[in-house]
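Enquirer: Here it is, the structure, as structure tokens.
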Amino acid sequence: MLSLVDDTASQLSGAQIWSDTLEVLALSCGYSDARTDLTGQLSLAMTKADLSALSRAQSDFLAPAEAQALAAMKLDRRRTSFLRGRATAKIALCKAFGGAPTKWDIRSGVFNQPVAAYRGGEKPPVHVSISHSNEAGVAVSSPQEWPVAIDIETVSAQNRPALESQLTAREREWCENAPCALNAATALWALKEAASKILGGGLALDFKALETVPSLSGDTVNCTFVNAGHLAGEAVLKDGVVLALVMSSQSVLTDSNFLSRAANMLSSSLGARNICGETEP
Ligand SMILES: CC(C)(COP(=O)(O)OP(=O)(O)OC[C@H]1O[C@@H](n2cnc3c(N)ncnc32)[C@H](O)[C@@H]1OP(=O)(O)O)[C@@H](O)C(=O)NCCC(=O)NCCS
């Protein structure tokens with residue numbers, strides 16, 4: 001059973017570690033939304049567990065339909081990303097809404113978007129968003145009426161031409177003026193990818209049309225979207241990894257350092273690395 005085994009509040013600023021076989025870090029934060037007066041809780045979970053640990057623990061968190069989907073996956077890389085995504089999404093869902101991980105069932109919708117439901121039906125409708133990089137899987141959960149999308153990206157010089165090809169001229173100029181253009185371009189890409197998830201189309205959307213209006217403060221990029229005024233994003237870069245969230249532009253998190261705390265935890269569990277030397281982003 002994937003359950004809370006260690007409340008590490010003192011060392012990890014409110015994070016919790018779940019499972020004795022699978023290390024999944026999880027933390028939560030309240031929110032309020034000025035547009036609707038909605039308040040509630042967002043939960044974020046992350047893991048860098050490898051395929052053998054994930055495979056050993058899979059019966060603790062996979063629903064039967066997910067186990068079937070996994071069985072059809074041939075590549076270890078895909079099995080790893082699927083399991084990391086499901087493990088983190090289950091922990092985020094359990095942390096926000098309770099229940100048993102195996103009773104949360106996350107299917108792929110018609111646009112490949114994750115659609116979560118609780119088998120037995122006694123939970124409210126929820127929203128979940130999943131992302132994976134080579135090193136880690138992350139997920140966020142929130143009430144269905146307050147969707148939040150997540151993206152994780154590893155900074156890599158190899159990706160620079162592809163990233164820049166999806167930036168507008170204004171965005172490219174902004175990156176060139178940032179302390180590290182590669183970090184900045186990766187942050188903008190992560191924000192666009194999270195925006196594409198909350199809008200539902202993924203890469204089917206034109207990423208140039210998801211143009212950002214970014215501002216940089218320390219290791220954090222905040223942005224609005226030129227063509228999606230209802231959305232706002234935040235990306236934090238730590239040690240060569242970008243973590244980005246996109247949500248309602250009218251929403252405020254009760255902990256303004258929430259994403260920074262998550263990025264710090266992820267970076268300490270991944271080990272330090274900084275592609276652009278001292279400067280971030
Ligand atoms: C969304 C997308 C941009 C993410 O890119 P990626 O390189 O896979 O990056 P990430 O690891 O950050 O995200 C993967 C997760 O995004 C989620 N996702 C995929 N498509 C999504 C979509 N359209 N909307 C919201 N979330 C989506 C999934 O949960 C996926 O993880 P899973 O397959 O393990 O469940 C990309 O997967 C995509 O465009 N998918 C849709 C493509 C498609 O087939 N569309 C159908 C026609 S529109």
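Enquirer: In segment 172-181, is there at least one residue being more than 16 Å from the ligand (Cβ to nearest atom), under 28 Å from residue 33 (Cα atoms) and over 17 Å from the mean Cα position of the chain (by Cα)? If you could, list the steps in order and put the result at the bottom.
Expert: Kept after step one, since they are more than 16 Å from the ligand (Cβ to nearest atom), are these residues of segment 172-181: 172-181.
From the residues that got through so far, the ones that are under 28 Å from residue 33 (Cα atoms) too are none.
The answer is no; no qualifying residue exists.
Enquirer: Please determine, by comparing only the residues of segment 226-243 that are of a type in the set (Gly, Ala, Ser) and touching a Lys or Arg at 6+ places or on another chain (Cβ under 9 Å), which one is surrounded by the fewest Cβ atoms within 10 Å (Cβ to Cβ).
Expert: Taking the candidates together, the pick is 240.
Enquirer: Exactly one condition in (1) near the ligand (Cβ under 8 Å from one of its atoms); (2) more than 12 Å from the chain's Cα centre (by Cα) is false for residue 133; which is it?
Expert: Result: residue 133 passes all but (2).
Enquirer: Go through segment 190-206 and give me each residue that's surrounded by fewer than 24 Cβ atoms within 10 Å (Cβ to Cβ) and more than 9 Å from the ligand (Cβ to nearest atom).
Expert: Of everything in segment 190-206, just one residue is surrounded by fewer than 24 Cβ atoms within 10 Å (Cβ to Cβ) and more than 9 Å from the ligand (Cβ to nearest atom), namely 206.
Enquirer: Where the second residue is more than 12 Å from the ligand (Cβ to nearest atom) and in a loop (DSSP other than H, G, I, E, B) and the first is on the phi > 0 side of the Ramachandran plot and lies in segment 91-119, which pairs have Cβ atoms under 8 Å and are six or more apart or on separate chains?
Expert: 98/123; 99/123
Enquirer: Okay, moving on. Just one of the numbered conditions (1) buried (at least 21 other Cβ atoms within 10 Å of the Cβ); (2) of a type outside the set (Lys, Arg); (3) outside any strand (DSSP E or B); (4) without any contact (Cβ under 8 Å) to a residue 40 or more places away in the chain is not true of residue 162; which one?
Expert: Failed condition: (1).
Enquirer: When you look at residue 81, is it touching a strand residue (DSSP E or B) at 6+ places or on another chain (Cβ under 7 Å), surrounded by 15 or more Cβ atoms within 10 Å (Cβ to Cβ) and assigned to a helix (DSSP H, G or I), yes or no?
Expert: Here the answer is yes, as residue 81 does meet what is asked.
Enquirer: Given the structure, is residue 152 at pLDDT 95 or above, within 20 Å of residue 259 (Cα to Cα), assigned by TED's automatic domain parsing to the domain that holds residue 37 and of a type in the set (A, V, I, L, M)?
Expert: Working: at pLDDT 95 or above: yes; within 20 Å of residue 259 (Cα to Cα): yes; assigned by TED's automatic domain parsing to the domain that holds residue 37: no; of a type in the set (A, V, I, L, M): yes.
When the stated conditions are applied, residue 152 does not pass them.
The values are calculated or read from the model by the stated rules, or taken from the named source; none is laboratory data. For clarity, every value in this text was computed on a predicted model and none was experimentally measured. Because the Cβ atoms are built from the backbone with ideal geometry, glycine has one as well, and the counts that use them run over all protein chains shown.
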